Amino acid sequence: MLRLSEQWNLLDAKRRGAVLTVARALEEAGHRAWLVGGAVRDLLLGQEVGDLDMVSKALPDEVVELFPHSREVGRSFGIVQVEAAGRWIELATFRLERGYSDGRRPDEVQYTESLEKDAGRRDFTCNALYLDPLTMEVRDPKAGVADLEKGQLACVGDAKGRFEEDGLRLLRMARFLARLGLKPAAGLFEAAASSRDSLRGVSGERVLEELKRMAEGPASQVAMGALASSKLLGLAITVGKQEVLSDEPLRLAAWERISVANAAPSGLELALLLSIFLDPAPGQILRESEIRSTAQSAFRLLRASSCLGQQVTDLWHLRSYFANNPKQDSVSIRAFRGPQGPLALELARTWKELQGEQQARVETLLAWFEELPKSRVWPDFLPSGQQLLERGIPAGPRMGELMRAVEDAALMGVVKDQASAVDWVLAQGPLS
């Protein structure tokens, strides 16, 4: 555990300046301000600090008066966004919360002047840490520092009660275990499992955002394993519709192998996760109807974007193709050179390995791709449409057919430069 005075510089000068500006303005108005939650936790651990949240006993009306350009983003919960030194900081009022009839939001919010009471409503002890940025004093009313020193993640108070109040905390549990490198406190997984119905009240958008952060974060296989150990994986992936995924151990093994070995290409992490855990028939030939029906139902529940949906369905199409039609031809090269191509081939190989099937043809195809020179995969000498016009080939469908055909010839090494490519086109008969 590091000293906060040593780690304060983990915040860049502008962010430090913003926090100090807010703290001084509140101090002048008679209120003591505290940096709270994940920012304090990450400073103690020497990790990169994310969002900056602050809290004080100042009521929202007082905050708005002190910061006239503020945004009242969560007024009913005592939260106001304030601008300071060119940065936006969420500033909340100490509060108590009662009743969570919808499994997400408190039915009643009551302001308090007590930091200790405010700490009692928070999810995990490591997020119930408070830092006075003017004095560097730390308040730790829920023994969060001791839990961090033990290397464990523990809830504030009764774990089952915390999870039942807000189902999103079940997903945050898995993400924090992975991101912070912690172990679950005794009984944490059992409490999560017994509270899993609260996950059904979380919207698809919120579930998807948490899954995205898990997929992109460190040790993502730990997060998925935590969900499985808490009997939450099926509910999370299907937004509360399915208790257990079919072939769940197989899917977990595939995710562990690929996420560790590949560290999925930036921007494709979530697509890879969904393609593994939602695959309608892992490693098998997928019919178009299977892909379409699975995608429609899954992405409607998750409220996924059309871009993400396309990435996942492309992975399904390509991994099915590579697993069952591994030919060394131009069609395979076109498939492989797309953004999802290498990942889809790795998926095909991994499924076959895990299912104990012969994978020699997939290995051979991969070896062939790796040996291909860049000029074969991405030929840059192909004739343009203007050059073909100049050679007497009219614009229209025939020209399009010829341009694709000559690219196929280049991909297979039949033509190797522009002159031979043009000659090849001129030598072709009708293509239709």
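The values are calculated or read from the model by the stated rules, or taken from the named source; none is laboratory data. All of these numbers come straight from a predicted model, not from anything done at the bench. Methodologically, a virtual Cβ is constructed for each residue, glycine included, from the backbone with ideal geometry; neighbour enumeration extends over all protein chains shown.
Observations
- Test: residue in the stretch 305-321 that is assigned to a helix (DSSP H, G or I), hydrophobic (A, V, I, L, M, F, W, C) and closer than 30 Å to VAL406 by Cβ: yes
- Any hit, the stretch 231-253, residues being within 15 Å of MET214 (Cα to Cα), touching an Asp or Glu at 6+ places or on another chain (Cβ under 7 Å) and assigned by TED's automatic domain parsing to the domain that holds PHE176: yes
- Failed item in (1) in a loop (DSSP other than H, G, I, E, B); (2) not assigned by TED's automatic domain parsing to the domain that holds GLY217, with ALA146 passing the rest: (1)
- Residue count for the stretch 239-260, restricted to those that are in a loop (DSSP other than H, G, I, E, B) and touching a Phe, Trp or Tyr at 6+ places or on another chain (Cβ under 9 Å): 1
- Any chance GLY341 is closer than 30 Å to VAL425 by Cβ and either charged (D, E, K, R) or over 33 Å from the mean Cα position of the chain (by Cα) (or both): no
- A single entry from ALA215, ALA191, ALA186 fulfils the requirement of being in a helix (DSSP H, G or I) and at pLDDT 95 or above: ALA191.
- Within the stretch 389-427, considering residues that are assigned to a loop (DSSP other than H, G, I, E, B) and of a type in the set (D, E, K, R), the one nearest to VAL377 (Cα to Cα): LYS416
- Single match in VAL73, VAL82 (criterion: assigned by TED's automatic domain parsing to the domain that holds VAL109, more than 26 Å from ARG179 (Cβ to Cβ), in contact with a strand residue (DSSP E or B) (Cβ under 6 Å, 6 or more places away or on another chain) and outside any loop (DSSP other than H, G, I, E, B)): VAL82
- Filtered residues of the stretch 54-70 (kept if without any contact (Cβ under 8 Å) to a residue 40 or more places away in the chain, touching a Ser or Thr at 6+ places or on another chain (Cβ under 9 Å) and part of a loop (DSSP other than H, G, I, E, B)): ALA58
- Only a single item in (1) more than 29 Å from ALA58 (Cα to Cα); (2) outside the structural domain of ALA33 (by TED's automatic domain parsing) is not met by ARG162, and it is number (1).
- Exclusive hit being outside the structural domain of SER195 (by TED's automatic domain parsing) and either of a type in the set (Gly, Ala, Ser) or touching a Leu at 6+ places or on another chain (Cβ under 9 Å) (or both), set LEU301, LEU315: LEU315
- Residue within the stretch 388-410 that is more than 20 Å from ARG337 (Cβ to Cβ), charged (D, E, K, R), at pLDDT below 85 and in contact with a Leu (Cβ under 8 Å, 6 or more places away or on another chain) present: yes
Yes or no, residue by residue, for (1) touching a residue at least 12 places away in the same chain (Cβ under 8 Å); (2) closer than 25 Å to ALA409 by Cα; (3) aliphatic (A, V, I, L, M):
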| site | (1), (2), (3) |
| --- | --- |
| LEU278 | yes, no, yes |
| SER297 | no, no, no |
| LEU318 | yes, yes, yes |
| PHE322 | yes, yes, no |
| PRO326 | yes, yes, no |
| ARG334 | yes, yes, no |
| ARG337 | yes, yes, no |
| GLN340 | yes, yes, no |
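- Where GLU90 falls short, out of the listed (1) modelled with pLDDT under 90; (2) in a strand (DSSP E or B); (3) of a type in the set (D, E, K, R): (1)
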